[in-house]
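S.K.: There's a structure below that I have some questions on.
The values are calculated or read from the model by the stated rules, or taken from the named source; none is laboratory data. None of these values were measured; they are calculated from a predicted model. With ideal geometry, Cβ positions are generated from the backbone for all residues, glycine too; neighbour counts draw on all protein chains shown. Just so you know, the surface numbers come from the protein's heavy atoms only, side chains and all, with ligands and any DNA or RNA stripped out. Shrake-Rupley method; radii C 1.70, N 1.55, O 1.52, S 1.80 Å.
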Amino acid sequence: MPTISSPLPGVFYRRPSPDQEVYVNDGDQVTEGQTIGLIEVMKNFTELKATAGGTIKEFLVDDESELSVGQDVAVLE
Amino acid sequence: MSAAPTRRVLVANRGEIAVRVIRAAHTCGWEAVAVHSDADADSRWVVLADDARRIGPSPARRSYLDIDAVLEAARDSGCTHVHPGYGFLAERPEFARRVTEAGLTYVGPSAEVIESMGDKAAARRTAEQAGVPVVPGSGVVADAAAARAAAADVGFPLLIKAAAGGGGRGIRVVRTDDELDDAVATAQAEASASFGDGSLYLERCIENARHIEVQVVGDTHGNVVHFFERDCSVQRRRQKLLEEAPAPGLAATLRDEITSAAVRLAAEVGYQGAGTVEFLVEGQAFYFIEMNTRIQVEHPITEMVTNTDLVAEQLRVAAGEPLSVTQDDITLSGAAVEFRINAEDPEQDFFPSPGELVRFDSPNGPGVRVDSGFVAGGQIVPYYDSLVAKVVVHGRDRDEALARAEQALTEFTVEGVVTTRDLHLSLIADEAFRAGGVTTTWFEERSTGPR
């Protein structure tokens, strides 16, 4: 199954800010290029985007957890 | 002979400034206690300190920004003082207040002074009371209608600023009347989200100015002195890249006016500790913009040209001792430049470059000082800022300082992360920079304009 992986190391956030809703939930439909989370690296924030359209089956990492380069973040189907 | 009670300072920070404070503490005969997150457990400042405490997991919000955890570390390790460094909790009035309420001494001004200078609109009023010129602008504007009325007086282009802002954040440029309503709405939202306070004010946008700031220190005996000025005009997106002291080509009369204005402002608020009063300088006119109520990243160049240990001075003043110098004792000697070596790739729009410092050969030689929180094999982790080291050079004059800078930067070999070293080498070779007196827009125009 295809996955969305992180192009950079950092901290993964599922929400645009702590008091807002998550970008997407498990089971949501996404389109290619849609933002599914943020990656913070040294106070810079980069959007993590869906690499293809489909349904988000599940997130493989928790909100606010550390990511390494190439780590799988979510499973698409 | 009875021994003086041992002073023990908690260093509530990380990286090079933590190392810097520990060194100053030791030279003053104090003990220093380090704090660290999980990511920093094996860090250099932990090794150099007399004692260390873990304050939480790696994200700053759950460690270095956790006031309860920091205070517990201070109490648990028997500290008498708390030094905030810069960044993190350094300009949070709540932190200063909580330190004091815990029966400890905060190394810095009172919570009230931090608060009054942190509110940019209030700081402007204080400056005006002290007879310090401010950028023409408005008081706090409540809504778009008030902003429109104020904009007519201030004139375009103008800046919308968050009253609670700082570090270049929460600022928007508005060039025409049409852009105003939208800009006010977004600035208000941004200010509320970033600072928990949506208050805004307007200021005339002074586009061709130099950023010149004055280092001041006040003690608990009513003395305030200045340690001359720094020129921090080389900036990218309002973040400083390199700084120099003194400001090249600044006329002696203008220097006198700016430094005395800074002292007047600090005296007006009964300032205690080290602080910096920032100005924009356009021709012979200067305007107060804000005051930073902490030690700054670029303090070493002032130390170089005034032969003073400013952090030691902070500690002494916090212990109730008078300043070790009077204004007449403080003289300018030579010129100094500081280069921020960041783990960022200038070729990729300054994208952060975390990783292991596989090689880290730092320079030395006459007039060269390197402040860093790292050694070879250390990790530049993604949780915090990208500062790897500060290369500070001093010479009898600016030419000698820049010659030493070229040698020092060339010697500095870092492998494992991409750094801004080569960018600095190209900046000091640039004719406009060499001539001295570039303005705050110079770097970005240089980067985007014809080469």
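S.K.: Only one residue in B:Glu431, B:Glu445, B:Glu406, B:Glu415 is surrounded by fewer than 21 Cβ atoms within 10 Å (Cβ to Cβ) and touching a residue at least 24 places away in the same chain (Cβ under 8 Å), so which one is that?
M.R.: Testing whether each residue is surrounded by fewer than 21 Cβ atoms within 10 Å (Cβ to Cβ) and touching a residue at least 24 places away in the same chain (Cβ under 8 Å) leaves just B:Glu415.
S.K.: Which of the residues that make up segment B:200-227 are of a type in the set (Asp, Glu) and more than 27 Å from B:Gly139 (Cα to Cα)?
M.R.: Scanning segment B:200-227 gives a single hit, B:Asp219.
S.K.: So which of B:Val140, B:Val132 ends up being outside any helix (DSSP H, G or I) and modelled with pLDDT of 90 or more?
M.R.: B:Val132
Residue-wise test of (1) modelled with pLDDT under 95; (2) within 25 Å of the chain's Cα centre (by Cα); (3) within 22 Å of B:Glu91 (Cα to Cα); (4) assigned to a loop (DSSP other than H, G, I, E, B).
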site	(1), (2), (3), (4)
B:Pro109	no, yes, yes, yes
B:Arg125	yes, yes, yes, no
B:Ala145	yes, no, no, no
B:Ala162	yes, yes, yes, no
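S.K.: Can you list the strands (runs of 3 or more DSSP E) lying wholly within chain A that have 1 or more residues being within 12 Å of chain B (Cβ to nearest Cβ)?
M.R.: Output list reads A:10-13, A:35-41, A:44-49.
S.K.: If B:Ala152 satisfies every condition in (1) within 21 Å of the chain's Cα centre (by Cα); (2) open to solvent by 60 Å² or more (accessible area, probe 1.4 Å) but one, which is the exception?
M.R.: With (1) within 21 Å of the chain's Cα centre (by Cα); (2) open to solvent by 60 Å² or more (accessible area, probe 1.4 Å) applied to B:Ala152, the lone miss is (1).
S.K.: If you check B:Asp50, B:Asp68, which single one turns out to be surrounded by fewer than 21 Cβ atoms within 10 Å (Cβ to Cβ) and either basic (Lys, Arg) or in contact (Cβ under 8 Å) with a residue 40 or more places away in the chain (or both)?
M.R.: Matching residue, one of B:Asp50, B:Asp68: B:Asp50.
S.K.: B:Arg316: among the basic types (Lys, Arg), in the same structural domain as B:Ala245 (by TED's automatic domain parsing) and in a loop (DSSP other than H, G, I, E, B), yes or no?
M.R.: When the stated conditions are applied, B:Arg316 does not pass them.
S.K.: Please return the ranges of helices (runs of 4 or more DSSP H) entirely within segment B:352-449 where 2 or more residues are farther than 20 Å from B:His211 by Cα.
M.R.: Helices (runs of 4 or more DSSP H) meeting the threshold: B:398-411, B:421-429.
S.K.: Considering B:Val381, B:Val392, B:Val418, B:Val414, which residue is of a type in the set (A, V, I, L, M), in contact with a Leu (Cβ under 8 Å, 6 or more places away or on another chain), within 22 Å of B:Arg44 (Cα to Cα) and in the same structural domain as B:Leu332 (by TED's automatic domain parsing)?
M.R.: Every option except B:Val414 fails the conditions.
S.K.: Could you look through segment B:22-47, keep only residues that are open to solvent by 20 Å² or more (accessible area, probe 1.4 Å) and not in a helix (DSSP H, G or I), and pick out the one that is nearest to B:Val311 (Cα to Cα)?
M.R.: B:Cys28
S.K.: Might you let me know whether segment B:355-373 holds any residue that is within 14 Å of chain A (Cβ to nearest Cβ), under 20 Å from B:Leu242 (Cα atoms) and open to solvent by 60 Å² or more (accessible area, probe 1.4 Å)?
M.R.: Checked against the condition, which is being within 14 Å of chain A (Cβ to nearest Cβ), under 20 Å from B:Leu242 (Cα atoms) and open to solvent by 60 Å² or more (accessible area, probe 1.4 Å), segment B:355-373 yields no hits at all.
S.K.: Applying the selection to segment B:80-99, what residues are in contact with a strand residue (DSSP E or B) (Cβ under 6 Å, 6 or more places away or on another chain) and open to solvent by 10 Å² or more (accessible area, probe 1.4 Å)?
M.R.: Matches in segment B:80-99: B:Thr80, B:His81.
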